[in-house]
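The values are calculated or read from the model by the stated rules, or taken from the named source; none is laboratory data. Here the structure is a predicted model, which means the values were calculated and not measured. No Cβ is skipped: glycine too gets one built from the backbone with ideal geometry, and neighbour counts run over all protein chains shown.
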Amino acid sequence: MASYDVIIIGSGPGGYVCAIRCAQLGLKTACVEGRDTLGGTCLNVGCIPSKALLHASHMLHEAEHNFAQMGLKVGAPKVDWKKMQTYKQSTIDANTKGIEFLFKKNKVDWLKGWGSVPEPGKVKVGDDVHEARSVIIATGSEPASLTGVEVDEKTVVTSTGALELGKIPKSMVVIGAGVIGLELGSVYARLGAEVTVIEYLDVVTPGMDAEVQKSFKRLLQKQGLKFIMGAAVQKAETVKTRAKVTYKLRSDDSEHEIEADAVLVATGRKPYTDGLGLEALGVEMTKRGQIKTDAHWQTNVPGIYAIGDAIAGPMLAHKAEDEGMAAAEQVAGKQGHVNYGVIPGVIYTHPEVANVGETEETLKDAGRAYKVGKFSFMGNGRAKANFAADGFVKILADKETDRILGAHIIGPAAGDLIHEICVAMEFGASAEDLAMTCHAHPTYSEAVREAALACGDGPIHS
Ligand code: NAI
């Protein structure tokens with residue numbers, strides 16, 4: 001048994017960042033992790049491995065579609081799936097070992113095993129009970145189950161199984177046109193699978209700017225993904241080595257079936273709080289199974305905090321990281337803060353999709369007067385040279401004050417471009433501030449400046 005200032009349960013982006021910051025602030029810190037490696041879902045079976053497959057499959061797409069036009073002759077590229085899996089694993093290893101190194105460097109103790117909280121101020125890991133002034137729960141989330149759909153992680157898979165299929169399927173049904181479904185769906189489409197996405201709603205990526213939703217769906221269709229919209233999946237069952245999916249169209253209630261070599265269930269995730277013993281402690285939960293916290297990530301039980309996917313808000317690694325740093329400040333007696341109005345969201349398909357702040361829809365609902373500045377990548381020289389001119393930048397600004405309220409980008413490097421707008425929003429900048437900032441030529445970021453110009457006197461290149 002050891003005594004700590006703070007013990008964090010879970011070593012995903014929320015937990016490990018929190019642990020490192022606690023240690024940097026001078027607290028004696030431990031982090032509990034039951035997996036063999038640190039990093040949680042994100043590093044082991046989420047963000048990082050999926051990005052490796054997205055990168056590799058995008059390279060294949062470039063070789064197949066754009067190399068010849070650039071005068072590059074390489075012959076027909078072939079996919080070595082086993083080797084691609086090795087590349088993916090080496091990417092995971094490099095990242096998880098990196099966290100282990102950072103723990104050692106910052107003197108964070110890794111308590112190996114699954115943790116629970118027998119009473120406030122105590123954390124049990126295996127047979128050991130450790131003491132801690134503060135306990136921070138950062139246990140993340142797990143795929144939500146869907147009634148009638150039995151996951152075997154071989155033929156009917158969640159995102160976890162989809163990252164390590166035995167072979168590239170000839171056909172794949174994706175249930176849910178959310179972030180996971182579209183990212184992994186586009187990986188397999190590029191690798192040659194016939195991908196059909198079944199979505200309950202009439203739009204892809206719910207909550208996103210409507211214009212982006214439409215454009216995104218069109219671009220994915222151009223890449224070969226098929227969509228069945230307004231369809232509720234009722235059942236998915238394995239038939240020998242294939243799977244059969246039954247769905248009902250919402251428009252006429254008619255029932256249909258579709259077969260595929262693999263089915264990816266991507267209908268959302270839910271907080272993972274099993275086995276922590278929170279109920280016995282009287283920790284309040286929301287109806288959706290999230291741990292309830294106040295504005296300082298404190299639960300109703302003194303000394304117990306919670307962050308990341310286990311609490312309310314978008315299930316995003318970087319939101320968890322921000323909360324991790326802020327909660328660390330809180331338990332160290334400082335003031336931690338997260339600006340929930342400026343949390344970017346990125347979909348790492350090609351083209352990428354990124355957003356921050358308000359959408360036109362949320363502004364209309366709130367009855368706010370706004371203006372739109374939009375610029376197509378067709379007018380961006382760099383994008384044209386790189387065969388990446390699909391998409392646009394759209395900036396929403398207050399009609400009176402010109403203050404930037406939100407931005408939506410679909411196009412090359414959207415996930416990086418969005419951050420200049422995030423920084424601008426953090427400083428309360430106007431669209432004119434962005435427009436008056438010199439942007440290097442030729443860069444994709446000129447499209448951001450042109451969109452900002454479009455909020456005022458107009459862009460130059462359109
Ligand atoms: P999601 O909530 O983004 O999308 C789920 C989709 O499934 C929705 O469009 C929903 O309408 C649909 N759906 C639900 N039940 C259905 C049914 N019976 N039949 C047909 N469609 C149905 O969930 P997803 O993609 O699983 O992602 C989970 C979480 O992980 C999200 O919060 C997401 O933000 C996060 N994530 C973020 C990533 C990123 O930032 N790049 C990458 C991967 C995950």
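Kindly check whether there is at least one residue in region 97-113 that is within 17 Å of residue 6 (Cβ to Cβ) and free of Cβ contacts under 8 Å to residues at least 40 places away in the same chain. Walk me through how you get there before you give the answer.
Residues of region 97-113 that are within 17 Å of residue 6 (Cβ to Cβ), as a first pass: 102-103, 106-111.
Going one step further and asking which of them are free of Cβ contacts under 8 Å to residues at least 40 places away in the same chain, we end up with none.
No, the conditions are met nowhere in region 97-113.
Can you name the residue in region 259-271 that is aliphatic (A, V, I, L, M) and closer than 19 Å to residue 202 by Cα and is also farthest from the ligand (Cβ to nearest atom) among such residues?
265
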>> Residue under question is residue 306, and the condition is that it be outside the structural domain of residue 31 (by TED's automatic domain parsing) and surrounded by 22 or more Cβ atoms within 10 Å (Cβ to Cβ); does it hold?
In response: no
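What about residue 288, is it modelled with pLDDT under 95, farther than 30 Å from residue 395 by Cβ and either within 13 Å of the ligand (Cβ to nearest atom) or among the aliphatic types (A, V, I, L, M) (or both)? Give the derivation first.
Working: modelled with pLDDT under 95: yes; farther than 30 Å from residue 395 by Cβ: yes; either within 13 Å of the ligand (Cβ to nearest atom) or among the aliphatic types (A, V, I, L, M) (or both): yes.
For residue 288, the condition - modelled with pLDDT under 95, farther than 30 Å from residue 395 by Cβ and either within 13 Å of the ligand (Cβ to nearest atom) or among the aliphatic types (A, V, I, L, M) (or both) - is met.
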>> Taking the conditions exactly as written (more than 20 Å from the chain's Cα centre (by Cα), in contact (Cβ under 8 Å) with a residue 24 or more places away in the chain, surrounded by fewer than 16 Cβ atoms within 10 Å (Cβ to Cβ) and not assigned by TED's automatic domain parsing to the domain that holds residue 49), does residue 250 satisfy them or not?
In response: yes
>> For the list (1) without any contact (Cβ under 8 Å) to a residue 40 or more places away in the chain; (2) closer than 13 Å to residue 102 by Cα, I need the number of the one condition that residue 35 fails.
In response: (2)
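State whether the residues of region 66-80 include one that is of a type in the set (A, V, I, L, M, F, W, C), within 27 Å of the chain's Cα centre (by Cα) and over 30 Å from residue 6 (Cβ atoms). Outline the logic, then answer.
Within region 66-80, the subset of a type in the set (A, V, I, L, M, F, W, C) is 67-68, 70, 72, 74, 76, 79.
Filter again for within 27 Å of the chain's Cα centre (by Cα), leaving 79.
Adding the requirement that they be over 30 Å from residue 6 (Cβ atoms) leaves 79.
Scanning region 66-80, I find at least one residue that is of a type in the set (A, V, I, L, M, F, W, C), within 27 Å of the chain's Cα centre (by Cα) and over 30 Å from residue 6 (Cβ atoms), so the answer is yes.
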> Within the set of pairs 6+ apart or on separate chains, which have a first residue in region 176-189 that is under 10 Å from residue 264 (Cα atoms), a second that is of a type in the set (Asp, Glu) and within 6 Å of the ligand (Cβ to nearest atom), and C-beta atoms under 9 Å apart?
Replying inline: 176/199; 181/199
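Among the residues of region 261-291, count how many are of a type in the set (D, E, K, R), over 22 Å from the mean Cα position of the chain (by Cα) and assigned to a loop (DSSP other than H, G, I, E, B).
Residues of region 261-291 of a type in the set (D, E, K, R): 261, 269-270, 274, 279, 284, 287-288.
Then drop every residue that is not over 22 Å from the mean Cα position of the chain (by Cα), which leaves 261, 274, 279, 284, 287.
In the following step, the residues that additionally are assigned to a loop (DSSP other than H, G, I, E, B) were identified as 261, 274, 284, 287.
Total meeting the criteria: 4.
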>> Here's a check for you: in region 180-191, which residue that is of a type outside the set (Val, Ile, Thr) and more than 8 Å from the ligand (Cβ to nearest atom) is surrounded by the fewest Cβ atoms within 10 Å (Cβ to Cβ)?
In response: 191
> Residues 116, 186: which one is over 30 Å from residue 8 (Cβ atoms) and not assigned by TED's automatic domain parsing to the domain that holds residue 348?
Replying inline: 186
> With respect to the numbered conditions (1) surrounded by fewer than 17 Cβ atoms within 10 Å (Cβ to Cβ); (2) small (Gly, Ala, Ser); (3) assigned to a helix (DSSP H, G or I), which one is the sole condition not fulfilled by residue 462?
Replying inline: (3)
>> Test of understanding: among 424, 452, which residue is crowded, with 17+ Cβ neighbours inside 10 Å, in contact (Cβ under 8 Å) with a residue 24 or more places away in the chain and of a type in the set (A, V, I, L, M)?
In response: 452
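Kindly indicate the residue of region 225-241 that is within 23 Å of the chain's Cα centre (by Cα) and part of a strand (DSSP E or B) and also nearest to the ligand (Cβ to nearest atom) among those meeting that condition.
If we take residues in region 225-241 being within 23 Å of the chain's Cα centre (by Cα) and part of a strand (DSSP E or B), then 227 is nearest to the ligand (Cβ to nearest atom).
Here are some residues: 198, 99, 168, 92. Which one is assigned by TED's automatic domain parsing to the domain that holds residue 62 and touching a Phe, Trp or Tyr at 6+ places or on another chain (Cβ under 7 Å)?
Working: 198 fails: assigned by TED's automatic domain parsing to the domain that holds residue 62; 168 fails: assigned by TED's automatic domain parsing to the domain that holds residue 62; 92 fails: touching a Phe, Trp or Tyr at 6+ places or on another chain (Cβ under 7 Å).
Exactly one of 198, 99, 168, 92 is assigned by TED's automatic domain parsing to the domain that holds residue 62 and touching a Phe, Trp or Tyr at 6+ places or on another chain (Cβ under 7 Å), namely 99.
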> Among strands (runs of 3 or more DSSP E) lying entirely in region 96-170, which contain 2 or more residues that are in contact with a helix residue (DSSP H, G or I) (Cβ under 9 Å, 6 or more places away or on another chain)?
Replying inline: 109-112, 128-137, 141-143
>> Please pick out the residue among 194, 211 that is closer than 19 Å to residue 262 by Cα, touching a residue at least 12 places away in the same chain (Cβ under 8 Å), more than 14 Å from the ligand (Cβ to nearest atom) and surrounded by fewer than 23 Cβ atoms within 10 Å (Cβ to Cβ).
In response: 194
> If you go through region 190-213 one residue at a time, how many are farther than 17 Å from residue 406 by Cβ and in a helix (DSSP H, G or I)?
Replying inline: 1
> If you go through region 242-258 one residue at a time, how many are within 25 Å of residue 50 (Cβ to Cβ) and more than 10 Å from the ligand (Cβ to nearest atom)?
Replying inline: 3
> Could you say which residue among 173, 123, 157 is farther than 29 Å from residue 251 by Cβ and crowded, with 20+ Cβ neighbours inside 10 Å?
Replying inline: 123
>> Condition first: within 15 Å of the ligand (Cβ to nearest atom) and in contact with a strand residue (DSSP E or B) (Cβ under 7 Å, 6 or more places away or on another chain). Now tell me which residues in region 327-342 satisfy that.
In response: none
>> Exactly one of these conditions fails for residue 244: (1) touching a residue at least 24 places away in the same chain (Cβ under 8 Å); (2) assigned to a strand (DSSP E or B). Give me its number.
In response: (1)
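Could you tell me whether region 106-120 includes any residue that is out of contact with any Lys or Arg (no Cβ under 8 Å at 6 or more places or on another chain), within 16 Å of the ligand (Cβ to nearest atom), of a type in the set (Val, Ile, Thr) and at pLDDT 95 or above? Talk me through it step by step, then tell me what you get.
So in region 106-120, the residues out of contact with any Lys or Arg (no Cβ under 8 Å at 6 or more places or on another chain) come out as 106-114, 119-120.
Then keep just the ones that are within 16 Å of the ligand (Cβ to nearest atom); that gives none.
Checked region 106-120: no residue is out of contact with any Lys or Arg (no Cβ under 8 Å at 6 or more places or on another chain), within 16 Å of the ligand (Cβ to nearest atom), of a type in the set (Val, Ile, Thr) and at pLDDT 95 or above.
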> Taking helices (runs of 4 or more DSSP H) that do not extend beyond region 317-420, which have at least 3 residues that are charged (D, E, K, R)?
Replying inline: 317-331, 360-365
